[in-house]
Amino acid sequence: AGAPSAGGEVDLQAFAGLGAEDFAYLAAPSSSSSGSAERLDGGSGGGGEVEGFEATVAAMRAVGFSPGDMSEVFRFLGAVLHLGNLKFSAVTSESSTITDDSDLPGAP
């Protein structure tokens, strides 16, 4: 499968096998999910995410983004989305600690 509009040129490894439901920043505010969400890397599932991704890639190409530029943007976006899954707990009024990093790749 994959994202046809990316033509295999754009690196989407940061999203491999993941869907919007895997990221706190993208999670729906309600618990009612259709369960057919599309993977963010263009894999099979629902319907709307692939079309939206293809439109985004087409727009990026139209304004002159190279495949390498797009890969960098998507790697940065992936990092921000993964960091959004960290959970913190206050230690003092000026410090905190990570209490749950299990959603991050490579976490124990």
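The values are calculated or read from the model by the stated rules, or taken from the named source; none is laboratory data. Just so you know, these numbers come straight off a predicted model, no measurement behind them. Cβ atoms come from the backbone with ideal geometry, glycine included; neighbour counts cover every protein chain shown. Side chains are part of the model used for accessible areas, which takes the heavy atoms of the whole protein and leaves out ligands, DNA and RNA. Shrake-Rupley method; radii C 1.70, N 1.55, O 1.52, S 1.80 Å.
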Checklist entry - What pairs can you find where one residue is in segment 1-16 and at pLDDT 50 or above, the other is part of a loop (DSSP other than H, G, I, E, B) and open to solvent by 30 Å² or more (accessible area, probe 1.4 Å), and their Cβ atoms are less than 6 Å apart, with a gap of 6+ or different chains? => result F15/L40
Checklist entry - Quick one: in segment 47-94, which of the residues that are of a type in the set (K, R) and out of contact with any helix residue (DSSP H, G or I) (no Cβ under 7 Å at 6 or more places or on another chain) is modelled with the lowest pLDDT? => result K87
